1. Sort out which residues of region 125-136 are modelled with pLDDT of 95 or more and in a loop (DSSP other than H, G, I, E, B), and write them in order of number.
2. How many residues does region 114-141 hold that are among the hydrophobic types (A, V, I, L, M, F, W, C) and free of Cβ contacts under 8 Å to residues at least 24 places away in the same chain?
3. May I ask you to list pairs of residues, at least six apart or on different chains, whose Cβ atoms are under 7 Å apart, with the first in region 46-67 being touching a residue at least 12 places away in the same chain (Cβ under 8 Å) and in a strand (DSSP E or B) and the second being of a type in the set (Phe, Trp, Tyr) and open to solvent by 40 Å² or more (accessible area, probe 1.4 Å)?
4. Which condition from (1) open to solvent by less than 50 Å² (accessible area, probe 1.4 Å); (2) at pLDDT below 90; (3) not in a loop (DSSP other than H, G, I, E, B) is the one that residue 83 breaks?
5. Checking the condition more than 20 Å from residue 26 (Cβ to Cβ) and crowded, with 19+ Cβ neighbours inside 10 Å, which residue from 88, 67, 54, 103 passes?
6. Specify which of the listed residues (247, 215, 226) is acidic (Asp, Glu), within 29 Å of the chain's Cα centre (by Cα) and part of a helix (DSSP H, G or I).
7. Of all residues in region 259-286, which are of a type in the set (Val, Ile, Thr) and in contact with a Ser or Thr (Cβ under 6 Å, 6 or more places away or on another chain)?
8. Filter region 95-124 down to residues that are β-branched (Val, Ile, Thr) and not in a loop (DSSP other than H, G, I, E, B) and give me whichever is farthest from residue 79 (Cα to Cα).
Amino acid sequence: MSKISSAPIRDMIAISGEPENYTSKEFINRLLTIIRRHLKMDVAFISELVDGRRYFRHVDAKQGEDRVKVGGSDPEEDSYCLQVIEGRLPELIQDAHDLEEARKLAATEDFPIGAHLSVPIRLKNGRIYGTFCCFSTHPDHSLNERDLAMMHAFSEVAAEQIEQDLEERDKHNEIKHRISRVIDNELLNPVFQPIYDIITNTPIGFESLTRFKAEPARTPDVWFNEAAQVGLGADLEIMALRRVLAEAERISPHYYVSVNLSPQTLLDGQIAELLCTQPDGRLVLELTEHAVVDCYEDLVDALLPLRNYGVRLAVDDAGAGFASFRHILALKPDIIKLDISITRNIDRDANRCELARGLMGFAHAVGSKIVAEGVETEAELDALRKIGIDMAQGYLLGKPMSVSELITNNYL
C-alpha cells in the first residue's frame with residue numbers, strides 16, 4: 001500500500017470549509033470527523049496501548065453517543081484493537097456478529113458493535129502506538145477494501161502527528177527534569193555587578209545575576225526561558241531569589257540590591273512575603289524589555305504593597321524596543337536602565353547621545369532616575385557624564401562577582 005503525505009489530507013480538510021492552521025490535536029480530531037462521516041460510522045477514535053490497557057486519546061462520535069470518551073481506558077485484552085493488531089480479527093469487519101472471535105468480546109453486545117474498521121498506528125521506529133478505529137452499531141456490508149485503504153492512509157497521517165506530539169512530550173519532560181534537578185539541588189550561584197555613582201566614582205548598589213552550575217553550560221536566559229516553557233519559571237526564579245537574598249545579607253544595607261523577576265513571578269503570592277523581609281528601600285525589582293505583560297492593571301496591583309513597603313521598580317533595557325516604553329508608561333518605574341545598545345559607542349554617535357539625552361529629560365520629568373548599562377570604556381563614561389547621567393554599570397566599573405570577590409576587591 002503506497003504511503004501518502006499529510007498534504008492531500010490537509011487539502012481535504014481545507015476544502016471542507018474549516019481553517020487550515022490546526023493544532024496537532026485539532027488536526028487529528030478533524031481526521032476522525034472526516035473518516036467517521038465519510039464511512040457513516042457512529043464513533044471514530046485513536047487509541048494508545050500502554051501497559052496492558054487501551055487509552056482513548058482522540059474521539060469523534062455522532063451526537064448523543066458518549067460512551068467512548070477521551071481519557072477513558074479499558075483492558076487491552078478485551079478490545080478489538082489488540083485483537084486486530086495480533087491478527088485474531090480482520091481490519092475490516094462488515095458485521096461483527098458473523099465472526100466467532102468478535103462475538104466473544106463483551107463490547108460486541110454491550111455497544112453493540114456492528115461494522116468495524118481498525119488499522120494499527122505504527123511509528124517510525126516500528127513501534128505500534130495503538131489503532132485508528134471506527135465502528136457503527138449496525139452492520140454495513142457496503143464497506144470494502146477501498147474504505148480500508150483510506151483508513152490506512154489516514155492512519156499514516158495520524159502517525160506523523162502523533163510522532164511529533166511524542167517528540168514534543170519527550171522534549172518537554174527532558175527540560176522539566178533538567179530544570180527540576182537545578183531547583184531541587186540549587187545548582188546556581190548569585191553574583192553581583194556594581195552600580196556606580198559616576199560623579200563621585202563610588203558604588204551605590206549591585207545588580208544580582210545568576211550563574212548556573214548545571215549541565216549543559218548555557219547562558220542564564222536560556223535556563224529561565226526553558227523553565228517558563230515547562231511551567232517552572234516561577235519556581236526557578238523564586239529559588240534564585242532566595243539565594244540572592246541570603247547572599248545579600250552579607251552586603252551592607254547602605255547599598256541597594258536589584259533583582260530580575262518576570263511579571264508572572266511578580267504575581268506569585270510568595271514574592272511579597274519574601275521581599276518584605278528586606279530592609280526598607282534596599283531592594284529594586286527589574287523588569288526587562290523582553291518580559292511579556294498580559295495585564296498591566298494586575299501587575300500594578302501586585303506591585304503596590306511592595307512599593308508601599310519601600311521596594312523600588314526598575315525597567316531594564318530601555319531603548320532596546322517598544323515593550324520597555326510600554327513598561328515605563330504603565331508602571332512609572334523609579335529607575336530606567338539605559339540599554340547597552342545606546343551606551344555602546346555613545347561617545348562616537350550623535351544619535352545615541354540625543355536619544356540618551358531625551359530619555360534623561362523624560363526620566364527627570366516623571367521623577368525617575370537613569371542607570372546606563374554596559375559601560376566598557378572611559379570615553380563612554382565621559383559622554384554619559386556630559387549628558388547628565390550620573391549612574392552606570394558595566395565591565396569598566398566592575399564585572400559580576402560573588403560577595404566574597406566584592407569584599408576581596410574592595411567594593412564593600
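The values are calculated or read from the model by the stated rules, or taken from the named source; none is laboratory data. Treat the numbers as computed from the prediction; the structure is a model and nothing was measured. Cβ: placed from backbone, ideal geometry, glycine included. Neighbour counts: every protein chain shown. The area values use the complete protein model at the heavy-atom level, side chains included, leaving out ligands, DNA and RNA. Shrake-Rupley method; radii C 1.70, N 1.55, O 1.52, S 1.80 Å.
1. Listed by number, the list holds a single entry, 136.
2. Kept after step one, since they are among the hydrophobic types (A, V, I, L, M, F, W, C), are these residues of region 114-141: 115, 117, 119, 121, 123, 128, 132-135.
Retained after the next criterion (residues that are free of Cβ contacts under 8 Å to residues at least 24 places away in the same chain): none.
Residues flagged as among the hydrophobic types (A, V, I, L, M, F, W, C) and free of Cβ contacts under 8 Å to residues at least 24 places away in the same chain within region 114-141 amount to 0.
3. Close Cβ pairs (under 7 Å, with a partner that is of a type in the set (Phe, Trp, Tyr) and open to solvent by 40 Å² or more (accessible area, probe 1.4 Å)) amount to 47/55; 48/55.
4. (2)
5. On the way: 88 fails: crowded, with 19+ Cβ neighbours inside 10 Å; 67 fails: crowded, with 19+ Cβ neighbours inside 10 Å; 103 fails: crowded, with 19+ Cβ neighbours inside 10 Å.
The match here is 54.
6. On the way: 247 fails: within 29 Å of the chain's Cα centre (by Cα); 215 fails: part of a helix (DSSP H, G or I).
Selected residue: 226, the only one of 247, 215, 226 that is acidic (Asp, Glu), within 29 Å of the chain's Cα centre (by Cα) and part of a helix (DSSP H, G or I).
7. To start, the set of residues in region 259-286 that are of a type in the set (Val, Ile, Thr) comprises 259, 265, 271, 277, 284.
Scanning region 259-286 gives 259, 284.
8. Going residue by residue through region 95-124, those that are β-branched (Val, Ile, Thr) are 108, 113, 119, 121.
Filter once more, keeping what is not in a loop (DSSP other than H, G, I, E, B): 108, 119, 121.
Working: 108: 10, 119: 13, 121: 15 Å.
This residue is 121.
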